[in-house]
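Here the structure comes first, spelled out in structure tokens, and everything after it is commentary.
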């Protein structure tokens, strides 16, 4: 029997995904998690055939959870399903070990095929992402500034951009405020910015957070 774990902070999204999956896999056992901490806990406590997770959830980021799960369960296929545009996040999550990236806008059309593909041990990416990924291998110098941030720096950037304080970010990521301040300084340097207001504007202009 197939076992699927879905992680998303919106109940209606989880129920919608469940319905889509059960229509295609009627005998599947599907469990749900509402945040990244619950996702990691549930994933490590039991055996799953595939995990489907959002990137942006309350508390710890889905990207951070992805890193931990791939370290502890390297063979577990993880599909990332997000509202964020492919061009901003797909390559980052694939490099972090995800088996595929889907836009929520296309979930109803692509989810079943994506699950079937990753269960075969293959990656699921759109043609547009495949082209961008291939280009990025040869054109690293042409990447946008935020694409050159580490995953941890990227997480901190997004949290600053939505108004979180250094102390709040430290608690969410289980790091010290000093470490978060160091990440902030690196981010400002890499992006050529000076203040948090600059970071927020940059994130909005590049659609890294919702306006």
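Here are a few things to note about the model shown:
- Checked against the criterion of being assigned to a helix (DSSP H, G or I), crowded, with 16+ Cβ neighbours inside 10 Å, touching a helix residue (DSSP H, G or I) at 6+ places or on another chain (Cβ under 6 Å) and modelled with pLDDT of 95 or more, the range 42-59 contains one or more residues that satisfy it.
- Qualifying residue in the range 100-119 (condition: in contact (Cβ under 8 Å) with a residue 40 or more places away in the chain, within 30 Å of residue 170 (Cα to Cα) and buried (at least 16 other Cβ atoms within 10 Å of the Cβ)): yes
- Members of the range 24-35 that are touching a residue at least 12 places away in the same chain (Cβ under 8 Å) and out of contact with any strand residue (DSSP E or B) (no Cβ under 9 Å at 6 or more places or on another chain): 24, 27
- Of all residues making up the range 66-108, the number that are in a helix (DSSP H, G or I), at pLDDT 90 or above and within 16 Å of residue 6 (Cβ to Cβ): 2
- Qualifying residues in the range 120-138 (those that are part of a loop (DSSP other than H, G, I, E, B) and surrounded by 10 or more Cβ atoms within 10 Å (Cβ to Cβ)) - the one modelled with the lowest pLDDT: 126
The values are calculated or read from the model by the stated rules, or taken from the named source; none is laboratory data. Quick caveat: nothing in here was measured; it's all calculated off a predicted structure. Note that each Cβ is placed from the backbone with ideal geometry, even for glycine, and that neighbours are counted across all protein chains shown.
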